[in-house]
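Read-outs throughout are calculated quantities, based only on the coordinates presented, and are distinct from any laboratory measurement. It should be emphasised that the depicted structure is a prediction, and the values quoted were computed from it without experimental measurement. A quick note on method: Cβ atoms are made from the backbone with ideal geometry, for glycine too, and the neighbour counts reach across all protein chains shown.
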Amino acid sequence: MYLKYYTTRDDGEGGIEFLVIDYEKTTGLSFAPQVDLTGDSLPINELIIDVITTDDFKTGEVIELYDDMDQVWAHWYIKKAIHTADNVVRITARSLIDSLEYKQMEAVMFENSSAASAIDACFDGRTSDYQIDSSLSSAKLTGFAPEQTARERLAWILFALGAYVRDVFTTKAHICPVDETSIYIPTGRSFFRPTTDLNDWVTEIRITSYAFSRASSEDEWEDSDSSYMFPLPWIAEEQTISLLNPNAPEDATENVIELDGIYLVNSGNVSDIISRLAKYWFNRNEVTLDCVNNKQFSPGDKVVAYAADESILTGYIQQATFKFGLQARSTLKLIGVDNVAGARLTVNYTYNNGRIGQAEYFFPVGYTYTITNPYIDRTYQDRRFIYRPENATISGTIVEGANVVEQACDIVLEYYDGTLSVYSVDEIELQTSGNEYTGVIS
């Protein structure tokens, strides 16, 4: 890992100057990005680094976190830089959302208005700093937004659209919907079995929907219940939509979540909103798991993970707390967790209809897999054979019950009595070491 600090946006010749800080020059690094998929808030993500340096750092400038493959992990803005000891500076950098906290937005009535334009107004048109997913480019907004900060306005918009901000592993804040495609976390990448915390049951969700219309006169507007909330000539009719939790037991203590005063909720989106909230709030399981995570699993992703023998869970990453070493390791906090059915996949590797190897996997039912077939190394008495599968990969979709794949192989090398026989390879490079042969096959 290393840091890149942009000391100036322009070096006078149209270029950008930056300072590279190696990971060895850091004595502490805190990096735990999160998202709020419910839309209840809009988190400001933070990166805190202690750096051994005599350099000065300016607030507002960009600092980036990179891995050894030169892939960006964070592109955020310095909030403060404090000397905590001789030649040690503690840098606090925050995501782009922090800047929206200090921008005030005027009240506005959206009438089937472009959501992209409303988002653009929150960011002052800084399209170099954010991007809107193409699936949201034609989305519309209907309703009223009062005077509020740009952060509050953006949170309302995302709540109405069912979207969130992904601002990790990218140089731009990405406004995107939740992707329901599951990413599988292999057992070999998990350190420990996941732990589960049980929240109190949410027994019911109630949300208020608003229908706006123009008053025919100022008197009608003044006589309405809306006049103290909405500007002339707008009046609103309210309707409360309720959804009971079908999973809550009869003896569960009543726990109702009520949402009102979000005036972008209307008859066109209220059903989608309450269904989305139920997905997270009606399932009270929260799961924590540790895994190797080199950017494969990001806050906001839907993942599938191995829980116990013949048990698989699925959920949405709310937060990923990272630790860095030889590999990046993260503690994932999952919400909206549920158990899913799994089934075993058996791959039989054969030569001349005889089995020479076998591999077994356990995947969720419905999971589409692609597996790279290994070369098979077998020794029979004093002969050693290397077999190559006829197909480099195998793919398919897991179904309930047994899943069995037969993969035929060919002999590519045979080693016997000091002689290496080549049967079938695309390319081979041989080196001798005493009486032994080593080969590199591609």
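A few notes on this one:
- Cross-link check: pairs K140/K279; K58/K172; K80/K103; K25/K58; K25/K103 evaluated at a Cα-Cα cut-off of 30 Å; pairs beyond the cut-off: K25/K103.
- Multiplying the residue separation of D98 and V340 by 0.36 nm and removing their Cα-Cα distance gives an extension gain of 83.4 nm.
- Modelled FRET efficiency - R0 30 Å, S395 with D251, Cβ distances, 0.05 increments: 0.05
- Our coupling estimate for segment 360-376, obtained by passing each phi through the Karplus curve with A = 6.51, B = -1.76, C = 1.60 and θ = phi - 60°, is 10, 9, 10, 10, x, 5, x, 6, 8, 10, 9, 10, 7, 6, x, 6, 10 Hz, Gly and Pro reported as x.
- Label-to-label distance, nm, for residues given as S128 and N352 (7 Å Cα→Cβ offset): 6.8
- Spatially proximal aspartates and glutamates relative to K295 (Cα-Cα < 14 Å; intrachain offsets below 8 disregarded): D67, D68, D70, D167
- Kirkwood-type hydrodynamic radius, segment 200-281: 14.3 Å, calculated from all non-identical alpha-carbon pairs.
- Cα gyration tensor shape of segment 62-196, rounded if a/c is under 1.5, else prolate or oblate by comparing a/b with b/c: oblate
- In the chain, a dipole from Cβ-located charges (positive for Lys and Arg, negative for Asp and Glu) runs towards its positive end, and of T171, S99, F123 it is T171 whose Cα lies farthest in that direction.
- Computed from backbone phi, the HN-Hα couplings of segment 78-85 come to 5, 8, 7, 9, 10, 6, 9, 6 Hz, rounded to whole numbers (Karplus: 6.51 cos²θ - 1.76 cosθ + 1.60, θ = phi - 60°; Gly and Pro given as x).
- The radius of gyration of the Cα set in segment 2-95, together with its Dmax, comes out at 14.1, 46 angstrom.
- In this calculation the C-beta distance from E220 to F324 is compared with R0 = 60 Å, giving a FRET efficiency of 0.45.
- Degrees separating the helix 270-281 axis from the principal Cα axis of the chain, which is the longest one: 50
- Helix 150-161 and the longest principal axis of the C-alpha atoms of the chain enclose an angle of approximately 70°.
- The Cβ shell under 13 Å around I44 holds other residues with a net charge of -3, Lys and Arg each +1, Asp and Glu each -1.
- When the helices of the chain are scored as -39500 (n - 2.57) per DSSP H run of n ≥ 4 and the total is divided over every residue, the value at 222 nm lands at -2500 deg cm²/dmol.
- Seen from all directions on average, segment 99-177 presents a Cα convex hull projection of 4.8 nm².
- Taking the Cα centre of segment 99-177 as reference, the dipole from Cβ charges on Lys and Arg (+1) and Asp and Glu (-1) amounts to some 180 debye.
- Counted by Cβ distance under 11 Å from V256, the other residues give a net charge of -2, where Lys and Arg count +1 and Asp and Glu count -1.
- In the chain, Cα pairs under 8 Å separated by at least six residues give a relative contact order of 11 percent.
- Assigned charges on the beta-carbon of Lys, Arg, Asp, Glu; the chain dipole about Cα centre (debye): 1080
- Calculated FRET efficiency for the pair S275/A211, C-beta based, R₀ 30 Å, to 0.05: 0.90
- Here the Karplus curve 6.51 cos²θ - 1.76 cosθ + 1.60, taken at θ = phi - 60°, turns the phi angles of segment 196-211 into couplings of 10, 10, 9, 7, 4, 4, 8, 8, 7, 10, 10, 9, 9, 9, 10, 10 Hz, with x standing for Gly and Pro.
- Residues L244, L29, sorted so that the one with the fewest Cβ neighbours within 10 Å comes first: L244, L29
- Measuring how big the chain is from its alpha-carbon positions, Rg and Dmax come out at 28.4, 105 Å.
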